[in-house]
Amino acid sequence: MQISRRDLFRSAAVVGGAAALGGLGGLSAEAVAGTGPAARAARAATRTAVLVRGPEGPGGYRPVVTAAGEAWQVRTDLGTKAKAGRAARRRPLVAFTQISDVHIVDSESPMRVENAEAFSSSAYRPQEFLTLHVAEAMVQGINAVETGPATSRPIAFTLQTGDNADNAQYNEVRWNIDVLDGGPIQPDSGDHTKTESVADSLDPALYDVMFWHPEGTPEGLADDDARAKYGFPTIPGLLDKARAPFEATGLDLPWFSVMGNHDKLVQGNNHPTPSDLARATGDRKTVGVKSRTVTPDLDRRQLSTAEIVEEHFTTTGLPVGHGYTEQNRTDGTAYYTFDRGRVRFVVMDSVNANGGDQGSLSRSQFAWIKDLIANSKRKLLVFSSHHPSWSMVNSLTGDVDPGPRVLGKALVKELLLHDNVIAWVNGHTHTNNIKAHVRKKDGKVLSGFWEINTASHIDWPQQGRILEIANNLDGTLSIFSTMLDHAAPISWDEARLDEPLQLAALSRELAANDWQERSHDRRGARNARNVELVLRAPRFLR
């Protein structure tokens, strides 16, 4: 008999002590704070415990610690009352997980612009060479959470809402696909025998105090700012351990892909040009105000939209293409739909390929959306994109995707015309947020839809979401959001940093202490995390 990965997962007792993840209430504080698989599975859904920044140490450096879990906060912003007894009547429709802004980074690429760190918190992050380990930890976290904690509905799929890669490079796109599929991963480019990134401190001539050098300080030079000012640790041998190959677990579920600006634009901002391609595959890398020679690697080449779509058909996971269709392959587009029962998911491509980090839609895609809605009268519609509505303000036009652009306000206005549009799920901001879009007539609130905007894997708090949609059988629907932490332990063990989950734990702590991010709480407001979002059921369900 052939045994699935999920069966292997069960037999290895990864889910063991958390078999009743729908409740999680019986687990002790000691179990939640532990490092075993049951504790990781229980903690992942943030109902029993949440992860927060701990007390400040030297330089303001904080550990990651646990705090009390968060119950679902009921939101009725759309003017629909949460009716008593709905939990007993409730019929679950679908449960899925969302991950966003994983930003798989080739930290040794000549296309990196770490020298812009002085004025941009996204140009360089001290944890950026650990992105594949964070992705692996999230895969294990998703696999552990087999059912929705609110409805006990089995998790049906994972939706990845863009900025899956960081710099539109072939190797980053492939790493993202391969870590979600499972199999051997080599988290390194160029010369596999050494590190050629800004974290390397072996060459004093290239050492720059702007960047964290975990291996230490060359003789006669000053400690970098990360260690001298901000309390970052020295961890000998870390860079070699971070470059070491590992076997990715792979998702036990189907997964679907959404295009983000970093997936197909250089550093998420510029359409790739021939000079970009030459630079990406060349041997010169800027390090602060200096330049260094790196080992060239043709796998660093930038990909077009069509080429990114095509890579998703080289996969061991399901579905083949990960949502992208034969029509997408032919047209070089990246928008599509898929169904789960009565719910239709509409994946948009909100990237303006002419450039700019903010989003918008082409006129042809907007026409496709309106036609699709007209032909989906008896489906609940959940839209998805990389950009949220308030970031869809990019009106730039050009030769790449010519014609006037459709901005977020126009899209929201169209979606509000249809009572079967219930949600829009997205990322991009790296901060948890949930916005109620209200439908009104004659000044009276007539429900609307929820826009669910989710944090990133590259920045603190490195979270995704579990989303569950249920029919309350009383004229209302509920959408449950439960924040999802990855499976890394709360704290890292220096003696075990050859393990991907330990490296992911270190990454989360580094993200919590990134000096340009310390004033941000990207966990978002309390009502943007574990919530029950109530709305009026569309006419065909009433």
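The values are calculated or read from the model by the stated rules, or taken from the named source; none is laboratory data. Quick caveat, the model's predicted, so the values are computed rather than measured. Virtual Cβ from ideal backbone geometry, glycine too; neighbours counted across all protein chains shown. Keep in mind that these areas ignore ligands, DNA and RNA; they rest on the heavy atoms of the full protein, side chains included. Shrake-Rupley method; radii C 1.70, N 1.55, O 1.52, S 1.80 Å.
Observations on the model:
- Computed lengthening from Lys377 to Leu221, 0.36 nm per intervening residue step minus Cα-Cα distance: 49.4 nm
- One Cα centroid belongs to region 49-122, the other to region 223-273; the line between them spans 18 Å.
- Using R0 = 51 Å, the C-beta based FRET efficiency linking Lys81 and Glu494 works out to 0.45.
- The simple spin-label model puts a point 7 Å past each Cα toward its Cβ; for Thr315 and Asn269 those points are separated by 3.1 nm.
- For a modelled paramagnetic label at Gln73, 7 Å from Cα along Cα-to-Cβ, the residues of region 431-473 in reach, with backbone nitrogen under 14 Å, are 432-436.
- Nearest-ten-degree value, helix 500-513 long axis tilted from longest Cα axis of the chain: 90 degrees
- All-pairs alpha carbon distance profile, region 204-267, 5 Å steps from 0, percent: 3, 13, 15, 12, 11, 14, 13, 11, 5, 2, 0
- R0 of 56 Å, Cβ-Cβ distance Asp283-Glu414: FRET efficiency to nearest 0.05: 0.70
- Label zone at Phe338, where the point sits 7 Å out along the Cα-to-Cβ direction: region 157-179 residues whose backbone N lies under 18 Å: 157-165, 174, 176-179
- Region 350-467 shape via C-alpha gyration tensor axes, a/c threshold 1.5: oblate
- Antiparallel content of DSSP bridges confined to the chain, in %, to 5: 70 percent
- Summing Lys and Arg as +1 and Asp and Glu as -1 over all other residues whose Cβ lies under 10 Å from the Cβ of Gln502 gives a net charge of -2.
- Positive minus negative residues near Ser362 (Lys, Arg vs Asp, Glu; Cβ under 12 Å): -1
- Accessible-area composition of the chain, carbon plus sulfur, in percent [1.4 Å probe]: 52 percent
- Zone residues, region 67-86, relative to Leu473, backbone N less than 14 Å from point 7 Å out along Cα-to-Cβ: 85-86
- Per residue, the chain exposes an accessible area of 36 Å² to a 1.4 Å probe, with every protein chain left in place.
- Note: relative contact order over region 192-284, using C-alpha pairs below 8 Å and six or more positions apart, is 18 percent.
- Contour minus Cα-Cα distance for Asp240 and Ser152 (0.36 nm per residue): 27.5 nm
- Proximal charge balance of Phe96 [Cβ under 12 Å; K/R count +1, D/E count -1]: +2
- Label-point gap, in nm, between Lys444 and Asp331 - each point 7 angstrom along Cα→Cβ: 3.9 nm
- Efficiency of FRET between Phe540 and Glu247 - r from beta-carbon atoms, R0 45 angstrom, step 0.05: 0.45
- Cross-link partners of Lys413 among lysines (Cα-Cα below 20 Å; sequence separation of 8 or more within a chain): Lys370, Lys377, Lys379, Lys435, Lys440, Lys441, Lys444
- Projecting the Cα atoms of Gln463, Ala488, Thr151 onto the charge dipole of the chain, computed from C-beta unit charges around the Cα centre, puts Thr151 farthest toward the positive end.
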